[in-house]
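Shown next, in structure tokens, is the structure this report addresses.
FYI, it's all coordinate maths here, none of it is from the lab. What you see is a predicted model, and the numbers here were worked out from it, not measured in a lab. Heads up, the Cβs are rebuilt from the backbone with ideal geometry, glycines too, and the neighbour counts pull from every protein chain shown.
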Amino acid sequence: MQIDIVSVFPEYFDVLNLSLFGKAQSKGLVSVHAHNLRDWTHDVHHSVDDTPVGGGAGMVMKPEVWAECLDDLLGLEPREVNADGESDGTGNAEHQPASDSASADTASDSDSQAPVHNLDTVLIFPNPSAPLFTQRDATELSHAKRLMFGCGRYEGYDARIPEYYRAQGVDVREYSIGDYVLNGGEVAVSVMLEAITRLLPGFMGNPESIVEESYTGSEALLEHRQYTRPAVWRGMGVPDVLLSGDHGKVDRFRRDEALARTDAIRPDLIEQLDCAQLSKADRKTLMALGWEVSAEHPRRLNRE
Ligand code: ADE
């Protein structure tokens, strides 16, 4: 997987030489280039931002600098976009989406991020005002050949930048990593990059460790709690069943704990479960937790 990151702080990504990501680079699984956006400026101050049109605090990243950079990295020619958001001519045809419906993508339509493209190249902008990045997105993006991340700073980037590249047929995504505001996209890119690349075959030392994790697979449950030795530490024991050697009982205990923790912490995830996929034992546990499980998805009964 080829990864390009554009940032005004490319050194931030030096950490990618460490740990599993560093190993994945040495093994040739991923190839990462962090580019300095200021390399595409032409003025003496290397400025990348300007005041917001319409007024307001802070600065907004300028489209011209981003476009010069992204055109270069994507191998695109500059074009004009008409009032319908369509680009003139056909010069950037290699980035045309696999399906016609993709050309209807707009920045405001979160459903438009459905995987209609061929995942050759995906351009990603972290943005606190975008749809949430989830494990499902990480899984989908782990199949891309090339990922390009654009890190915004200040009050963000000119909204025409992602729109323009969509009009060129590029698969452009905008994601938030959570309901809080960071100083820039660098941390968000690191988070997304780790979530995506650890799913690449050969990335993890022990590939089994990603199979049972929270949010993995078609159902997303919080994971059961983990313990290691000693069995008693500072007077605190581990649940007896985990020491029983009975794998069936251990599996059931862990599954029940996953259901109970998800019920307590993220009931929205329980509501998304598919009742038809649940075992009889799962349904019994959910009913004991106050869920009704006879419809398509569990429904919480009123609890005192
Ligand atoms: N940039 C600033 N805050 C962010 C967030 N929560 N997610 C993604 N990008 C961001």
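What is the calculated FRET efficiency for residue 39 to residue 83, with r their C-beta to C-beta distance and R₀ = 25 Å, to the nearest 0.05?
On the way: r = 33 Å, r/R0 = 1.30.
The computed FRET efficiency comes out at 0.15.
How would the stretch 222-263 be classified by its alpha-carbon gyration tensor: rounded, prolate or oblate, with rounded meaning a/c under 1.5 and the a/b versus b/c comparison settling the rest? Provide the component values of the computation, followed by the final result.
On the way: a/c = 2.75, a/b = 1.40, b/c = 1.96.
The shape class here is oblate.
Using only the Cα atoms, work out Rg/Rh for the stretch 232-300, with Rh taken as the Kirkwood radius, to two decimals.
Details: Rg = 14.1 Å, Rh = 13.2 Å.
That ratio equals 1.07.
How tilted is helix 247-265 with respect to the longest principal axis of the chain? Cα atoms for both, answer in degrees (0 to 90, nearest 10).
Compared with the principal axis, the helix lies near 60 degrees.
If eta is 0.890 mPa s and T is 25 °C, what Stokes-Einstein diffusion coefficient results for the stretch 124-251, Kirkwood Rh from Cα pairs, in µm²/s?
Values: Rh = 17.7 Å.
My calculation gives 138 µm²/s for D.
Just check the stretch 139-197 against the gyration tensor rule for me: Cα atoms, a ≥ b ≥ c as the square roots of the eigenvalues, rounded for a/c under 1.5, and otherwise prolate or oblate depending on whether a/b exceeds b/c. Write out the running numbers ahead of the final one.
Numbers: a/c = 2.19, a/b = 1.03, b/c = 2.13.
Taking the square roots of the gyration eigenvalues as a ≥ b ≥ c, the stretch 139-197 is oblate.
At 7 Å along Cα-to-Cβ for each site, give me the label-to-label distance between residue 145 and residue 181 in nm.
3.9 nm
What full-extension length gain, to one decimal in nm, is calculated for residue 265 and residue 46 as 0.36 nm per residue of separation minus the Cα-Cα distance? Spell out each step's value before the answer.
On the way: separation 219, 0.36 × 219 = 78.84 nm, distance 4.68 nm.
Additional length available on full extension: 74.2 nm.
Let me check I have the definition right: for the chain, take the eigenvalues of the Cα gyration tensor, multiply each by 5, take square roots. What are those semi-axes in whole Å, largest first? Provide the component values of the computation, followed by the final result.
Values: eigenvalues 361, 109, 71 Å².
Each semi-axis is the square root of five times an eigenvalue, giving 42, 23, 19 Å.
I need the calculated FRET efficiency for the pair residue 226 and residue 281, taking r as the beta carbon distance and R₀ as 25 Å, to the nearest 0.05. Kindly include the intermediate steps, with their values, before the conclusion.
Working: r = 21 Å, r/R0 = 0.85.
Using R0 = 25 Å, I get an efficiency of 0.70.
Multiply the residue separation of residue 214 and residue 244 by 0.36 nm, subtract the distance between their alpha-carbon atoms, and state the gained length in nm to one decimal.
Values: separation 30, 0.36 × 30 = 10.80 nm, distance 2.44 nm.
Value of the extension gain: 8.4 nm.
Within the chain, which is the longest segment containing none of the chymotrypsin sites (Phe, Trp or Tyr not before Pro) that sit in a DSSP loop and have at most 14 other Cβ atoms within 10 Å? Working shown, then result.
Details: sites that count: 180, 227.
Free of exposed loop sites, the longest segment is 1-179.
With springs only between Cα atoms under 10 Å apart, run a GNM on the chain and tell me which of 261, 166, 136 wobbles the most.
261
Which shape class applies to the stretch 243-282: rounded if a/c is under 1.5, otherwise prolate when a/b exceeds b/c and oblate if not, where a ≥ b ≥ c are the square roots of the Cα gyration tensor eigenvalues? Write down the numbers at each step before the final one.
On the way: a/c = 4.53, a/b = 1.66, b/c = 2.73.
Oblate, since a/c reaches 1.5 and b/c is not below a/b.
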